[in-house]
Amino acid sequence: MPKTHEHPSNIPSLVLIVGAGIAGSALAHALSTITSQSRASPLCVALLEGSLAEPDRIVGELLQPTGVAALQKLGLESCLEGINAIPEHGYCVVQSGQIVHIPYPGGREGRSFHHGRFVMALREQAKRAPGVDVVEAIANELIECQHTKRVLGVRTTRPNSTERESFLADLVSIADGCFSNFRNAVLGKALRESSTRSHFCGVILKDTQLPMPQHGTVGLVQGHGPVLLYQISEHDTRMLVAVKHPVPHDIKGHILRDVVPQLPASLHIAIHEALDRDRIRCMPNSFLPAVEQGGKYSKQGAILGDAWNMRHPLTGGGISVALHDVVILSELLANVDFRNWDQTSKLLSSWHSSRKPLASTLNILSFALYDLFSADGEHLTVLQKGCFKYFECGGECVHGPVSLLAGISPSPSLLAYHFFAVAFYSIWVMFFHPRPVVNESNSDKPLMVSPQLWEYSGLAVRGIKVLWSACVVFGPLLSSEIRWW
């Protein structure tokens, strides 16, 4: 590939994408089929991936309705066909034998699937796109201009070879996933370090009937993190158990002893069989706020997907955010000269702002829900109970939160409204709902008794602490997004 500064104006611009996962493959296809249509000459795209074998991951298997819509905008909806994908119509939340139904509004649907099958379908579409060359090569290091800090390309090695090969382009985009090798190099001083507070430990259940078919099931486990279950093919159902960092040494024993007894009895046999049959695989749940690209502290290259921005996978928003980012970026790139970094830098800044409503909403929601559903402490337990009761109210108490979760109503302000509505409702529940107390005549059957008037002063103090806990959860998450607005 010729160097960037050697291109005559009538030669098609070259784009190099490192990483043929979901974001990279979708971007390659979009640059060919959407961006090139609006340019004077079509783009030539090189899509690099260290291994084109089918990936095998335990997350990245759930697509929210807004992600389905993004696929349709990209002309990639066919990637959901032929992979045994399962329609998803919403969620059900299970706690202590009680179930609350949280359907997607307006009959909208998500999809769940085997991650690897979906990625292979996206790669196949990228290969078929005009001007896209998919190359199996391991990217080892960036090629940079020492004077301008511009990323000119990458040095690679092919599988089963030690010979170095260089790929140069007008625009280099890094999409090499959550364990990115180039995040630090591209973002430079602008980078914020990722943090990991929990892990998802996953297995596949065989031929299992969930409490509500074609609905994601969230099991709230007292004293521990939530459990997420969703069907990913005709016979396979993914179970993800959230465990706090660090992962217990005997993770199987932890699941059998502390988690399984609090899940619906109909799942117990399938879980025991899965734990005996398969190795339990773990994945860190990392938080990485997106920083603005193209500024004075970052190098002159682009980065997207999990290499740039990560949130908790509990809400299944990662793929939707990545595809939405590709939709916006592919449109913005239509009228930019990649060899003019001032133009490209302004475009990246505009991209960062345009993606904020959806990305910020799903980023904040993912960890706010995790904190409530894991309920680490007395006051968060009050919020967890209040959240479940809030959903039981139905109407807007379900429609609003699930619209946020599905990406249908991307609004951080609406998210703040519902989050603190849950907080105040939790305090109201604490004052006026019956609670279990010890039954002296039969200790196995606690009595349900409403708080007495003389208890209100103590409950008022507790209510203030509950509200403060809500602020401690939501405030830093909101700040992390506003800081880079």
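Below is a table of values for the structure above.
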quantity	calculated
Residue that is surrounded by the most Cβ atoms within 10 Å (Cβ to Cβ), among those in region 283-300 that are among the hydrophobic types (A, V, I, L, M, F, W, C) and in a loop (DSSP other than H, G, I, E, B)	A290
Only listed residue being in contact with a helix residue (DSSP H, G or I) (Cβ under 7 Å, 6 or more places away or on another chain), of a type in the set (D, E, K, R), open to solvent by 50 Å² or more (accessible area, probe 1.4 Å) and touching a residue at least 60 places away in the same chain (Cβ under 8 Å), chosen from K206, K189	K206
Subset of region 317-350 [among the small types (G, A, S), under 20 Å from V68 (Cβ atoms) and open to solvent by 10 Å² or more (accessible area, probe 1.4 Å)]	G318, A322
Number of the exception - N439 against (1) outside any helix (DSSP H, G or I); (2) open to solvent by less than 40 Å² (accessible area, probe 1.4 Å); (3) of a type outside the set (A, V, I, L, M); (4) modelled with pLDDT of 95 or more	(4)
One residue from A169, A137, A126 being touching a Leu at 6+ places or on another chain (Cβ under 9 Å) and closer than 29 Å to G407 by Cα	A126
Unmet requirement for S320, which otherwise passes all of (1) farther than 14 Å from I174 by Cβ; (2) touching a His at 6+ places or on another chain (Cβ under 7 Å)	(2)
Subset of region 125-152 [out of contact with any Ser or Thr (no Cβ under 7 Å at 6 or more places or on another chain) and more than 25 Å from I22 (Cβ to Cβ)]	E144, C145, Q146, H147, T148, K149, R150
Verdict on E392 being under 30 Å from T361 (Cα atoms), of a type in the set (D, E, K, R), open to solvent by 70 Å² or more (accessible area, probe 1.4 Å) and within 30 Å of the chain's Cα centre (by Cα)	yes
Criterion: within 30 Å of Q72 (Cα to Cα) and crowded, with 16+ Cβ neighbours inside 10 Å - qualifying residue of A423, A368	A368
Residues satisfying the stated conditions in region 81-92, i.e. surrounded by fewer than 18 Cβ atoms within 10 Å (Cβ to Cβ) and not in a loop (DSSP other than H, G, I, E, B)	P87
Checking L240 against (1) in contact with a Phe, Trp or Tyr (Cβ under 8 Å, 6 or more places away or on another chain); (2) open to solvent by 10 Å² or more (accessible area, probe 1.4 Å); (3) under 22 Å from P264 (Cα atoms), the condition it does not meet	(2)
Subset of region 49-67 [buried (at least 24 other Cβ atoms within 10 Å of the Cβ) and among the hydrophobic types (A, V, I, L, M, F, W, C)]	L62, L63
Only one of R117, R155 that is part of a strand (DSSP E or B) and either open to solvent by 50 Å² or more (accessible area, probe 1.4 Å) or touching a Ser or Thr at 6+ places or on another chain (Cβ under 7 Å) (or both)	R155
In region 21-48, the residues that are hydroxyl-bearing (S, T, Y), open to solvent by 40 Å² or more (accessible area, probe 1.4 Å) and closer than 19 Å to L323 by Cα	T33
All positions within region 301-316 that are farther than 23 Å from G153 by Cβ and either in contact with a Lys or Arg (Cβ under 6 Å, 6 or more places away or on another chain) or open to solvent by 30 Å² or more (accessible area, probe 1.4 Å) (or both)	P313
Number of the exception - L447 against (1) within 19 Å of the chain's Cα centre (by Cα); (2) open to solvent by 30 Å² or more (accessible area, probe 1.4 Å); (3) at pLDDT below 95	(1)
Identity of the residue in region 242-260, more than 21 Å from Q384 (Cα to Cα), of a type outside the set (D, E) and not in a helix (DSSP H, G or I), that ends up modelled with the lowest pLDDT	P246
From the options E141, E124, residue that is charged (D, E, K, R), open to solvent by 50 Å² or more (accessible area, probe 1.4 Å) and out of contact with any strand residue (DSSP E or B) (no Cβ under 6 Å at 6 or more places or on another chain)	E124
Any hit, region 249-258, residues being more than 28 Å from T33 (Cα to Cα) and buried (at least 23 other Cβ atoms within 10 Å of the Cβ)	yes
Pairs with Cβ under 8 Å, 6+ apart, first in region 452-468 and farther than 11 Å from I427 by Cβ and of a type in the set (A, V, I, L, M, F, W, C), second part of a helix (DSSP H, G or I) and open to solvent by less than 90 Å² (accessible area, probe 1.4 Å)	W468/H379
Set R311, R339: member being in contact (Cβ under 8 Å) with a residue 60 or more places away in the chain and either among the charged types (D, E, K, R) or over 22 Å from G75 (Cα atoms) (or both)	R339
Answer from K356, K385 - the residue that is open to solvent by 10 Å² or more (accessible area, probe 1.4 Å) and charged (D, E, K, R)	K385
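The values are calculated or read from the model by the stated rules, or taken from the named source; none is laboratory data. What you see is a predicted model, and the numbers here were worked out from it, not measured in a lab. With ideal geometry, Cβ positions are generated from the backbone for all residues, glycine too; neighbour counts draw on all protein chains shown. For accessibility, only protein heavy atoms count, side chains too; no ligands or nucleic acids. Shrake-Rupley method; radii C 1.70, N 1.55, O 1.52, S 1.80 Å.
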